[in-house]
Amino acid sequence: MEKIGVIGLGNIAQKAYLPVMATLQDKFEWHLTTRNEQKGEMLEHKYGFKHFHQTLSELIAEKPLAVFVHTPTQTHFEIIKQLLEAGINVYVDKPVSENLAEVEQLYKLAADKNLLLTCGFNRRFAPFNQELKKVADKRTIVSEKIRENAPQPTAFAIFDLMIHSVDTAVYLMDEKINDVKNFLVTNDGNLEQGYITLYGQKSQVQIITNMVGGSNLEQTTVQGSKTRQIVTDLNKLQTYQTGAVLQQARPDWENTLVTRGFDPIIHAFLTAVSNGSSNPVSPESAILSHKLCADLVKTI
(Lines give C-alpha, C1' and ligand atoms only; values in the text may rest on other atoms or scores of the structure.)
Protein backbone atom coordinates (compact mmCIF):
# COMPACT_ATOMS: atom_id res chain seq x y z
CA MET A 1 0.00 0.00 0.00
CA GLU A 2 1.47 3.34 -1.09
CA LYS A 3 2.21 5.96 1.55
CA ILE A 4 0.71 9.45 1.14
CA GLY A 5 1.76 12.30 3.42
CA VAL A 6 -0.07 15.37 4.65
CA ILE A 7 1.57 18.42 6.20
CA GLY A 8 -0.51 21.28 7.58
CA LEU A 9 -3.61 20.13 9.45
CA GLY A 10 -5.40 23.45 9.90
CA ASN A 11 -8.83 24.66 8.87
CA ILE A 12 -8.66 23.96 5.11
CA ALA A 13 -7.21 20.48 5.62
CA GLN A 14 -9.81 19.54 8.21
CA LYS A 15 -12.76 20.93 6.25
CA ALA A 16 -11.89 19.98 2.67
CA TYR A 17 -9.28 17.23 2.59
CA LEU A 18 -9.14 14.94 5.62
CA PRO A 19 -12.80 13.85 5.28
CA VAL A 20 -12.04 12.61 1.75
CA MET A 21 -8.69 11.10 2.72
CA ALA A 22 -10.36 9.20 5.57
CA THR A 23 -12.49 7.32 3.05
CA LEU A 24 -9.35 6.18 1.18
CA GLN A 25 -7.56 4.44 4.05
CA ASP A 26 -8.13 1.06 2.38
CA LYS A 27 -6.19 2.29 -0.69
CA PHE A 28 -3.38 4.39 0.78
CA GLU A 29 -1.42 4.53 4.03
CA TRP A 30 -1.82 8.10 5.27
CA HIS A 31 0.98 9.81 7.19
CA LEU A 32 0.02 13.08 8.89
CA THR A 33 2.47 15.67 10.19
CA THR A 34 1.80 17.83 13.25
CA ARG A 35 3.66 18.87 16.38
CA ASN A 36 0.34 19.20 18.18
CA GLU A 37 -0.24 15.87 19.94
CA GLN A 38 -3.79 16.82 20.93
CA LYS A 39 -4.68 17.50 17.29
CA GLY A 40 -3.18 14.17 16.28
CA GLU A 41 -5.19 12.35 18.93
CA MET A 42 -8.36 14.14 17.82
CA LEU A 43 -7.83 13.18 14.18
CA GLU A 44 -7.00 9.60 15.10
CA HIS A 45 -10.19 9.37 17.14
CA LYS A 46 -12.35 11.11 14.51
CA TYR A 47 -11.04 9.45 11.34
CA GLY A 48 -8.91 6.51 12.40
CA PHE A 49 -5.58 7.81 11.04
CA LYS A 50 -2.71 5.87 12.60
CA HIS A 51 0.57 7.36 11.35
CA PHE A 52 1.72 10.73 12.73
CA HIS A 53 5.02 12.60 12.49
CA GLN A 54 6.26 15.81 14.10
CA THR A 55 8.51 17.19 11.37
CA LEU A 56 8.84 17.34 7.60
CA SER A 57 12.12 15.44 7.85
CA GLU A 58 10.37 12.57 9.63
CA LEU A 59 7.69 12.53 6.92
CA ILE A 60 10.28 12.53 4.11
CA ALA A 61 12.07 9.64 5.81
CA GLU A 62 8.93 7.53 5.24
CA LYS A 63 9.46 7.97 1.47
CA PRO A 64 5.83 8.67 0.60
CA LEU A 65 4.69 8.59 -3.02
CA ALA A 66 3.21 12.07 -2.61
CA VAL A 67 2.55 14.74 -0.01
CA PHE A 68 -0.38 17.14 0.32
CA VAL A 69 0.86 20.55 1.52
CA HIS A 70 -1.72 22.62 3.45
CA THR A 71 0.62 24.94 5.33
CA PRO A 72 0.58 28.78 5.14
CA THR A 73 1.51 30.17 1.72
CA GLN A 74 4.77 31.75 2.91
CA THR A 75 6.08 28.27 3.83
CA HIS A 76 5.20 26.62 0.50
CA PHE A 77 8.41 27.29 -1.41
CA GLU A 78 10.84 25.69 1.03
CA ILE A 79 8.57 22.74 1.84
CA ILE A 80 7.79 21.96 -1.81
CA LYS A 81 11.45 22.31 -2.78
CA GLN A 82 12.51 19.82 -0.09
CA LEU A 83 9.85 17.34 -1.14
CA LEU A 84 10.65 17.54 -4.85
CA GLU A 85 14.38 17.24 -4.20
CA ALA A 86 13.58 14.10 -2.18
CA GLY A 87 11.77 12.62 -5.20
CA ILE A 88 8.25 13.10 -3.81
CA ASN A 89 5.21 14.27 -5.81
CA VAL A 90 3.42 17.31 -4.37
CA TYR A 91 -0.13 18.63 -4.18
CA VAL A 92 -0.36 22.14 -2.72
CA ASP A 93 -3.14 24.57 -1.88
CA LYS A 94 -3.32 27.66 -4.04
CA PRO A 95 -1.33 29.76 -4.46
CA VAL A 96 1.87 27.79 -4.91
CA SER A 97 3.56 31.08 -4.02
CA GLU A 98 2.80 34.79 -4.30
CA ASN A 99 6.22 35.13 -5.98
CA LEU A 100 5.93 34.21 -9.67
CA ALA A 101 9.65 33.42 -9.95
CA GLU A 102 9.29 30.87 -7.15
CA VAL A 103 6.27 29.31 -8.86
CA GLU A 104 8.20 28.93 -12.11
CA GLN A 105 11.26 27.59 -10.29
CA LEU A 106 9.25 24.90 -8.50
CA TYR A 107 7.47 23.76 -11.65
CA LYS A 108 10.84 23.55 -13.45
CA LEU A 109 12.25 21.48 -10.59
CA ALA A 110 9.26 19.14 -10.74
CA ALA A 111 9.71 18.72 -14.50
CA ASP A 112 13.45 18.08 -14.10
CA LYS A 113 12.70 15.41 -11.49
CA ASN A 114 9.84 13.93 -13.57
CA LEU A 115 7.45 14.56 -10.67
CA LEU A 116 4.00 16.06 -10.37
CA LEU A 117 3.46 19.44 -8.74
CA THR A 118 -0.30 19.96 -8.68
CA CYS A 119 -1.92 23.21 -7.55
CA GLY A 120 -5.23 22.72 -5.75
CA PHE A 121 -7.51 24.63 -8.09
CA ASN A 122 -10.58 22.69 -6.99
CA ARG A 123 -13.09 24.77 -8.94
CA ARG A 124 -11.89 23.23 -12.20
CA PHE A 125 -13.26 19.94 -10.87
CA ALA A 126 -16.65 21.22 -9.67
CA PRO A 127 -19.17 19.20 -11.73
CA PHE A 128 -21.15 22.22 -12.95
CA ASN A 129 -17.99 24.11 -13.94
CA GLN A 130 -17.04 21.08 -16.01
CA GLU A 131 -20.39 21.47 -17.77
CA LEU A 132 -19.43 25.07 -18.59
CA LYS A 133 -16.17 23.79 -20.07
CA LYS A 134 -18.20 21.77 -22.60
CA VAL A 135 -19.94 24.85 -24.06
CA ALA A 136 -18.86 25.08 -27.70
CA ASP A 137 -17.65 28.17 -29.51
CA LYS A 138 -17.33 30.34 -26.40
CA ARG A 139 -17.73 34.09 -27.03
CA THR A 140 -18.03 35.57 -23.53
CA ILE A 141 -16.92 34.33 -20.10
CA VAL A 142 -17.61 36.23 -16.87
CA SER A 143 -16.12 34.86 -13.65
CA GLU A 144 -17.24 36.73 -10.53
CA LYS A 145 -16.48 36.53 -6.82
CA ILE A 146 -18.49 38.92 -4.64
CA ARG A 147 -18.18 39.58 -0.90
CA GLU A 148 -20.74 41.47 1.16
CA ASN A 149 -18.26 43.76 2.92
CA ALA A 150 -14.79 42.28 3.40
CA PRO A 151 -11.97 44.58 2.23
CA GLN A 152 -8.55 42.93 2.62
CA PRO A 153 -4.97 43.98 1.87
CA THR A 154 -4.82 44.11 -1.92
CA ALA A 155 -2.05 41.62 -2.71
CA PHE A 156 -3.40 39.12 -0.18
CA ALA A 157 -6.96 39.40 -1.53
CA ILE A 158 -5.75 38.87 -5.11
CA PHE A 159 -3.82 35.69 -4.30
CA ASP A 160 -6.21 34.37 -1.65
CA LEU A 161 -9.63 35.08 -3.16
CA MET A 162 -9.47 36.52 -6.66
CA ILE A 163 -7.18 33.74 -7.88
CA HIS A 164 -10.20 31.38 -7.77
CA SER A 165 -12.03 33.43 -10.40
CA VAL A 166 -8.84 33.93 -12.39
CA ASP A 167 -8.16 30.21 -12.58
CA THR A 168 -11.78 29.36 -13.37
CA ALA A 169 -11.55 31.74 -16.34
CA VAL A 170 -8.20 30.30 -17.46
CA TYR A 171 -9.68 26.80 -17.28
CA LEU A 172 -12.78 27.73 -19.27
CA MET A 173 -11.06 29.76 -21.98
CA ASP A 174 -10.51 27.66 -25.10
CA GLU A 175 -8.08 29.91 -26.96
CA LYS A 176 -4.84 31.68 -26.22
CA ILE A 177 -4.81 35.14 -24.67
CA ASN A 178 -3.92 37.94 -27.07
CA ASP A 179 -4.23 40.87 -24.66
CA VAL A 180 -4.86 41.64 -20.97
CA LYS A 181 -6.33 44.73 -19.28
CA ASN A 182 -6.20 45.28 -15.51
CA PHE A 183 -8.11 47.65 -13.23
CA LEU A 184 -8.08 47.97 -9.44
CA VAL A 185 -10.06 50.00 -6.92
CA THR A 186 -8.34 50.19 -3.54
CA ASN A 187 -8.92 52.08 -0.30
CA ASP A 188 -6.21 52.53 2.34
CA GLY A 189 -4.26 49.62 0.85
CA ASN A 190 -7.27 47.30 0.80
CA LEU A 191 -8.85 45.78 -2.29
CA GLU A 192 -12.41 46.90 -2.95
CA GLN A 193 -12.72 45.89 -6.61
CA GLY A 194 -10.47 44.02 -9.00
CA TYR A 195 -10.98 43.48 -12.73
CA ILE A 196 -9.03 41.55 -15.35
CA THR A 197 -10.16 41.43 -18.97
CA LEU A 198 -8.69 38.81 -21.28
CA TYR A 199 -9.00 38.99 -25.05
CA GLY A 200 -8.76 36.02 -27.36
CA GLN A 201 -9.22 35.91 -31.11
CA LYS A 202 -13.02 35.75 -30.81
CA SER A 203 -13.73 35.64 -27.07
CA GLN A 204 -13.64 38.12 -24.22
CA VAL A 205 -13.23 37.10 -20.59
CA GLN A 206 -14.14 39.32 -17.64
CA ILE A 207 -12.81 38.42 -14.18
CA ILE A 208 -14.47 40.40 -11.39
CA THR A 209 -13.83 40.53 -7.66
CA ASN A 210 -15.90 42.93 -5.54
CA MET A 211 -15.05 42.93 -1.85
CA VAL A 212 -17.85 45.38 -0.99
CA GLY A 213 -20.64 44.02 -3.16
CA GLY A 214 -23.48 43.82 -0.65
CA SER A 215 -23.80 40.02 -0.92
CA ASN A 216 -21.78 36.83 -0.95
CA LEU A 217 -21.87 35.32 -4.41
CA GLU A 218 -19.77 33.24 -6.78
CA GLN A 219 -21.02 33.14 -10.35
CA THR A 220 -19.62 32.15 -13.72
CA THR A 221 -21.34 32.82 -17.05
CA VAL A 222 -20.38 31.28 -20.40
CA GLN A 223 -21.97 32.48 -23.63
CA GLY A 224 -21.45 30.29 -26.66
CA SER A 225 -22.81 30.72 -30.17
CA LYS A 226 -25.76 28.42 -29.40
CA THR A 227 -26.28 28.49 -25.64
CA ARG A 228 -25.72 30.49 -22.46
CA GLN A 229 -25.01 28.83 -19.13
CA ILE A 230 -24.61 30.29 -15.63
CA VAL A 231 -23.23 28.48 -12.58
CA THR A 232 -24.06 30.08 -9.22
CA ASP A 233 -22.20 29.14 -6.03
CA LEU A 234 -21.08 25.94 -7.75
CA ASN A 235 -24.39 24.23 -6.96
CA LYS A 236 -26.87 25.75 -9.45
CA LEU A 237 -26.79 25.64 -13.25
CA GLN A 238 -29.04 27.64 -15.57
CA THR A 239 -29.07 26.93 -19.30
CA TYR A 240 -30.63 29.56 -21.57
CA GLN A 241 -31.84 28.85 -25.08
CA THR A 242 -34.48 30.57 -27.17
CA GLY A 243 -37.79 30.35 -25.34
CA ALA A 244 -36.51 28.13 -22.55
CA VAL A 245 -34.51 28.22 -19.33
CA LEU A 246 -33.44 24.93 -17.76
CA GLN A 247 -32.57 25.16 -14.06
CA GLN A 248 -30.59 22.41 -12.36
CA ALA A 249 -29.23 21.92 -8.85
CA ARG A 250 -26.72 19.42 -7.54
CA PRO A 251 -28.42 16.38 -5.95
CA ASP A 252 -29.55 16.91 -2.35
CA TRP A 253 -27.57 13.87 -1.23
CA GLU A 254 -24.32 14.94 -2.90
CA ASN A 255 -21.47 15.71 -0.54
CA THR A 256 -20.49 19.39 -0.67
CA LEU A 257 -16.85 18.37 -1.21
CA VAL A 258 -17.95 16.77 -4.49
CA THR A 259 -20.02 19.82 -5.47
CA ARG A 260 -17.07 22.15 -4.81
CA GLY A 261 -14.55 19.97 -6.61
CA PHE A 262 -12.36 18.91 -3.67
CA ASP A 263 -13.26 15.23 -3.78
CA PRO A 264 -12.70 14.96 -7.56
CA ILE A 265 -9.35 16.81 -7.55
CA ILE A 266 -8.01 14.67 -4.69
CA HIS A 267 -8.96 11.51 -6.56
CA ALA A 268 -7.53 12.87 -9.82
CA PHE A 269 -4.17 13.66 -8.21
CA LEU A 270 -3.91 10.30 -6.47
CA THR A 271 -4.78 8.51 -9.71
CA ALA A 272 -2.15 10.49 -11.59
CA VAL A 273 0.69 9.76 -9.14
CA SER A 274 -0.33 6.11 -8.84
CA ASN A 275 -0.56 5.50 -12.57
CA GLY A 276 2.11 7.89 -13.78
CA SER A 277 -0.46 9.79 -15.81
CA SER A 278 -0.49 13.49 -16.69
CA ASN A 279 -0.93 16.30 -14.19
CA PRO A 280 -4.66 16.95 -13.58
CA VAL A 281 -3.86 20.69 -13.35
CA SER A 282 -1.42 21.37 -16.16
CA PRO A 283 1.71 23.29 -15.10
CA GLU A 284 1.30 25.75 -17.99
CA SER A 285 -2.23 26.72 -16.96
CA ALA A 286 -1.37 26.92 -13.26
CA ILE A 287 1.59 29.20 -13.98
CA LEU A 288 -0.64 31.37 -16.17
CA SER A 289 -3.16 31.83 -13.35
CA HIS A 290 -0.37 32.88 -10.99
CA LYS A 291 1.11 35.22 -13.62
CA LEU A 292 -2.22 37.01 -14.18
CA CYS A 293 -2.49 37.59 -10.43
CA ALA A 294 1.14 38.70 -10.14
CA ASP A 295 0.70 41.16 -13.01
CA LEU A 296 -2.40 42.56 -11.34
CA VAL A 297 -0.50 43.04 -8.07
CA LYS A 298 2.12 45.03 -9.99
CA THR A 299 -0.52 47.64 -10.81
CA ILE A 300 -1.12 48.50 -7.14
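The values are calculated or read from the model by the stated rules, or taken from the named source; none is laboratory data. Being a predicted model, the structure only gives us computed values, none of them experimental. Here the Cβ is made from the backbone with ideal geometry for all residues, glycine too, and neighbour counts use every protein chain on show.
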query = Given (1) within 22 Å of LEU198 (Cα to Cα); (2) outside the structural domain of GLY213 (by TED's automatic domain parsing), where does LEU84 come up short, assuming only one miss?
reply = (1)
Region 129-145 residues that are under 15 Å from GLN241 (Cα atoms), paired with ones that are hydrophobic (A, V, I, L, M, F, W, C) and part of a strand (DSSP E or B) (beta carbon under 8 Å, 6 or more apart) = LEU132/VAL222; LEU132/VAL231; VAL135/VAL222; LYS138/VAL222
query = (1) in contact (Cβ under 8 Å) with a residue 12 or more places away in the chain; (2) surrounded by fewer than 21 Cβ atoms within 10 Å (Cβ to Cβ); (3) under 25 Å from HIS267 (Cβ atoms): which one isn't true of GLY214, the others all being true?
reply = (3)
inquiry  = Scan region 113-126 and tell me whether some residue there is surrounded by 15 or more Cβ atoms within 10 Å (Cβ to Cβ) and either modelled with pLDDT under 95 or hydroxyl-bearing (Ser, Thr, Tyr) (or both).
reply    = yes
ask   = Taking region 25-82 only, how many residues are assigned to a helix (DSSP H, G or I) and not charged (D, E, K, R)?
value = 19
query = Which of the residues belonging to region 257-300 are among the basic types (Lys, Arg) and without any contact (Cβ under 8 Å) to a residue 24 or more places away in the chain?
reply = LYS298
task = Go over the candidates LYS63, LYS15, LYS27, LYS81 one by one and state the one that is at pLDDT 95 or above, under 17 Å from the mean Cα position of the chain (by Cα), surrounded by fewer than 17 Cβ atoms within 10 Å (Cβ to Cβ) and of a type outside the set (Phe, Trp, Tyr).
result = LYS15
remark   = Residue pairs qualifying under the 8 Å Cβ cut-off, at least six apart or on distinct chains, with the first in region 185-206 being in the same structural domain as ILE230 (by TED's automatic domain parsing) and within 15 Å of ILE158 (Cα to Cα) and the second being among the acidic types (Asp, Glu) and surrounded by fewer than 16 Cβ atoms within 10 Å (Cβ to Cβ), are none
message = Residues that are free of Cβ contacts under 8 Å to residues at least 24 places away in the same chain, outside any helix (DSSP H, G or I) and out of contact with any Ser or Thr (no Cβ under 9 Å at 6 or more places or on another chain): does region 110-120 have at least one?
response = yes
